[in-house]
1. Would you be able to say whether some residue in the range 124-144 is among the aliphatic types (A, V, I, L, M) and more than 24 Å from residue 47 (Cβ to Cβ)?
2. Kindly indicate the residue of the range 64-82 that is crowded, with 18+ Cβ neighbours inside 10 Å and more than 18 Å from residue 160 (Cβ to Cβ) and also nearest to the chain's Cα centre (by Cα) among those meeting that condition.
3. Pick from 40, 74: which is of a type outside the set (Lys, Arg) and modelled with pLDDT of 85 or more?
4. When you look at residue 131, is it open to solvent by less than 70 Å² (accessible area, probe 1.4 Å), modelled with pLDDT of 85 or more and of a type in the set (D, E, K, R), yes or no?
5. Just checking, how many residues over the range 112-127 are open to solvent by 20 Å² or more (accessible area, probe 1.4 Å), part of a loop (DSSP other than H, G, I, E, B) and more than 12 Å from residue 96 (Cα to Cα)?
6. Could you check the range 146-157 and list, in sequence order, the residues that are more than 10 Å from residue 178 (Cα to Cα) and not in a strand (DSSP E or B)?
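The values are calculated or read from the model by the stated rules, or taken from the named source; none is laboratory data. The model shown is predicted, which means the values in this text are computed figures rather than measured ones. Here Cβ is always computed from backbone atoms with ideal geometry, including for glycine, and neighbour counts include all displayed protein chains. Heads up: the accessible areas ignore ligands, DNA and RNA and are worked out on the full protein's heavy atoms, side chains in. Shrake-Rupley method; radii C 1.70, N 1.55, O 1.52, S 1.80 Å.
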Amino acid sequence: MFFESHSNTDTQPYYRISDKSYRLSVLLDQQGLKQGWTIEIDPPNNYLIVNYKNDKRFGHGYLVQNRFKVFNAEFDGTDLVRIKPIPTTQKEVTNERYRFEGAVYNGMPYGYGQLYSIKSYAQLYSGLVIEWKRFGFGSSYFSFGIVEYCGYWVDDMWHGSSVMHTTKEMYKREWCFGLSLGKYVVYKNNGAF
């Protein structure tokens, strides 16, 4: 279980993050305090998309169960204090850049689906999208349909472990907020992928 339910003296439930989870990279400020968005994963398929402010989980975030079911989550600085399901419907929505097919709430993507280019009609991404930004696990595609990147995203940027493809090679690579950490393993294409 990704979070544990407890009761306080007022018999209101509250939630504590499991010690079994692990966090992908998070930015540190000059004092070494965690700042900004990150993902805390409870393998294999549950995770939190959480915003840190001064080393504490702060304000609004998301709980994702079984990779694709999204809940609104509220944090009090330490604990997950409230979760609420997002009542999505399966439909198609567009903005000036993308067409999205998948889980939609209030006219915005809020869950698993596919992003397509408005200009080329090519599929660009398959995975979790929240308010037109890629978060969580998903795959991006070259315009000719081959997987380019398969891994985690934070705030529309590659983040964490990934597998990347070219037409001739496959890479296992680490990312932090869209920047390569420089470590990767290359696999030559011998027809296996």
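1. Looking through the range 124-144, none of the residues is among the aliphatic types (A, V, I, L, M) and more than 24 Å from residue 47 (Cβ to Cβ).
2. Once the filter is applied, the top-ranked residue is 70.
3. Details: 40 fails: modelled with pLDDT of 85 or more.
74 is the lone residue from the list that is of a type outside the set (Lys, Arg) and modelled with pLDDT of 85 or more.
4. Working: open to solvent by less than 70 Å² (accessible area, probe 1.4 Å): no; modelled with pLDDT of 85 or more: yes; of a type in the set (D, E, K, R): yes.
Against the criterion (open to solvent by less than 70 Å² (accessible area, probe 1.4 Å), modelled with pLDDT of 85 or more and of a type in the set (D, E, K, R)), residue 131 does not qualify.
5. 2
6. Within the range 146-157, the subset more than 10 Å from residue 178 (Cα to Cα) is 146-152.
Passing the criteria: only 146.
Residue-wise test of (1) charged (D, E, K, R); (2) part of a loop (DSSP other than H, G, I, E, B); (3) more than 26 Å from residue 61 (Cβ to Cβ).
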| residue | (1), (2), (3) |
| --- | --- |
| 134 | yes, no, no |
| 137 | no, no, no |
| 144 | no, yes, yes |
| 159 | no, no, no |
